[in-house]
Each structure stands twice: as C-alpha cells, then as structure tokens.
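Visitor: Got a structure here, written out as structure tokens. Questions coming.
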Amino acid sequence: LAGKAAGVHWSVLYFLGGGLGLALLALLWFKLPESEVVSSSERTSISDVLKPKYLRTSIGLWIAAFMGLVLVYGLNAWLPKIMGAAGYPVADSLTMLFVLNLGAIAGLFISAYAADAKGIKLVSLIWFAAAAALLLVLAIPFGSQALLTAVLFVTGVFVFSAQCLMYAYAGHVYPRNLVATGIGLASGIGRFGAIIGPYITGLMVAAGTAYPGAFFLYGGAALLAVLVIAQIPKPQRG
C-alpha cells in the first residue's frame, strides 16, 4: 500500500535488493582476502567433520543451529499474529516486530564483543539461556506497553545473535582446513529449523494456540540448544 501511494511498484524492491547483492558480490570478489588454507594441498570432505574426533561437536552445532533458526524464523514470520492473538492491537504488533529486530542489530555487536572477551562457549550458553528465559517471560500478559517494548528489544538482542554465534563457534572448534565445511553444514542443516519453526507456529496460529503456546515452543527450543552446546568440547584455540 505504501508503495502504491508513492507511485512505486512493489517489484522495485526486489530489483533494488538484487542489485545491491550484485554490487556486494563485486566488492567481495576484488577486495576480500582469500583464506591461507586455500593453498594447502590437503583435500577435505564432509566425512571429515563426522570423524570421531569431531562427531559430538558437529552434531551439537547442527542441533543448536537448527533450534536457533526455529526461533529466528518463527518469530519473524509470526510475531504480529502471536501478539495479536494475545489481544494487542495490530499496529502495536507490527511495531513489536520492528523493535525485536532493532534488538537483533544491537545483539550482533554485543555478542561479538562478548564472545571475543569471554569465550565463545560461555557466551553461547548465556545467550541461548537468556533467550529461553525472555521468550518464556513473553508468555505472560503485559499491562505496560513500555515494559513490553523493552522486553522485546532485549529478547531480540539475545535470540538472533545466539544463532549467529553458532557459525563463530564452528570457526573455533574445527581446524582451519575444516572451518568452511563445518560452517556450511551447520548453516545448511540449521536451515531445516527455518522451515520447521514457521510451519509449526502456523499450525498453532490456525489452531488458536499460538499464544502463549508459541513462546513455550521457542523457549523449549532455546533450552535444548543450551543442553547441546554444554556438551560440545570447549574450543582449544582462539
């Protein structure tokens, strides 16, 4: 509607996004330095991250990445509907999604600094545990709009960057020649969570159980991520 009012067709947004992506591709191609291990003659494969030495780590990262994307895509796709089912006005529900994503932006910077300062495993555990607690808090009706907005912002800080920390974690637990494979698998397998999360939440919306049920679902997913991260060996290198 806003696009029509401004005389701009909606498809322009896709051309804009695609054009920016191509521009970024050119920049990365010419300016991004190549990894040092690319010159190594040692060949690696997917089976290398499944060797006994890395198996527990790999499975843990896959599950945590899956759960993280259940949260990210479930909330981004359905938060307005969930909050609408809780009785909040539609306009406020859309604003809540905006606030949640503002928190996500801040969280990426905060989590990166914290992980460098305190260690990737400890910060990953704290981030998913905090995400679980805050998501469960959101299952409680709020009488204060200001307080709800603050809680949503802080929730965004932890939920979104908790998932991103899994990619950084892979960079710490695999040797240099396996980092790309490890991150790729964690990202690829985790993407199933990006499908399952919105799908299950959609079923809950249709059944009228999304509030508070979806927050219990997300809180449980975050707690499961805490458990699997706890059993991943602590990185031995910086």
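Visitor: Scan ILE183, ILE200 and give me the residue that is open to solvent by 30 Å² or more (accessible area, probe 1.4 Å) and within 19 Å of LEU224 (Cβ to Cβ).
Guide: ILE200
Visitor: If ILE59 satisfies all but one of (1) surrounded by 18 or more Cβ atoms within 10 Å (Cβ to Cβ); (2) closer than 21 Å to PRO235 by Cα; (3) β-branched (Val, Ile, Thr), what's the number of the condition it fails?
Guide: (1)
Visitor: Give me the pairs: first residue in the range 213-231 and touching a residue at least 40 places away in the same chain (Cβ under 8 Å), second residue aromatic (Phe, Trp, Tyr), beta-carbon distance under 6 Å, and six or more apart or on different chains, which are they?
Guide: Filtered contacts from the range 213-231: ALA222/PHE128; ALA225/PHE128; VAL226/PHE128.
Visitor: Check ALA139 against each of (1) assigned to a loop (DSSP other than H, G, I, E, B); (2) farther than 24 Å from THR201 by Cα; (3) open to solvent by less than 40 Å² (accessible area, probe 1.4 Å) and name the one condition it does not meet.
Guide: Looking at each condition in turn, ALA139 falls short on (2).
Visitor: Of the residues PHE158, PHE215, which single one is closer than 16 Å to MET67 by Cα, modelled with pLDDT of 95 or more, open to solvent by 10 Å² or more (accessible area, probe 1.4 Å) and among the aromatic types (Phe, Trp, Tyr)?
Guide: When all the criteria are applied, what remains is PHE158.
Visitor: Here is a list of conditions, (1) open to solvent by 60 Å² or more (accessible area, probe 1.4 Å); (2) at pLDDT 95 or above, and SER41 meets all of them except one; can you say which number that is?
Guide: So the condition that SER41 fails would be (2).
Visitor: Also, quick follow-up: Scanning the range 79-97 for residues that are hydrophobic (A, V, I, L, M, F, W, C), more than 16 Å from the chain's Cα centre (by Cα) and in a helix (DSSP H, G or I), which turns out nearest to PHE160 (Cα to Cα)?
Guide: Here the residue is MET96.
Visitor: If you scan the range 100-113, which residues turn out to be of a type outside the set (S, T, N, Q) and open to solvent by 20 Å² or more (accessible area, probe 1.4 Å)?
Guide: Residues satisfying the conditions are LEU102, ILE105, ALA106, LEU108, PHE109, ILE110, ALA112, TYR113.
Visitor: Related question: Kindly list, by first and then second residue, each pair from a residue in the range 70-82 that is open to solvent by 60 Å² or more (accessible area, probe 1.4 Å) to a residue that is aliphatic (A, V, I, L, M), limited to pairs with Cβ atoms under 6 Å and residues at least 6 apart or on different chains.
Guide: TYR73/ALA194; LYS81/VAL205
Visitor: Still on this structure: Of the numbered conditions (1) open to solvent by less than 50 Å² (accessible area, probe 1.4 Å); (2) part of a loop (DSSP other than H, G, I, E, B), LEU152 satisfies every one except a single condition; which is it?
Guide: Going through the list (1) open to solvent by less than 50 Å² (accessible area, probe 1.4 Å); (2) part of a loop (DSSP other than H, G, I, E, B), LEU152 breaks only (2).
The values are calculated or read from the model by the stated rules, or taken from the named source; none is laboratory data. Being a predicted model, the structure only gives us computed values, none of them experimental. Because the Cβ atoms are built from the backbone with ideal geometry, glycine has one as well, and the counts that use them run over all protein chains shown. Calculation scope for accessible area: heavy atoms of the full protein, side chains included, ligands and nucleic acids excluded. Shrake-Rupley method; radii C 1.70, N 1.55, O 1.52, S 1.80 Å.
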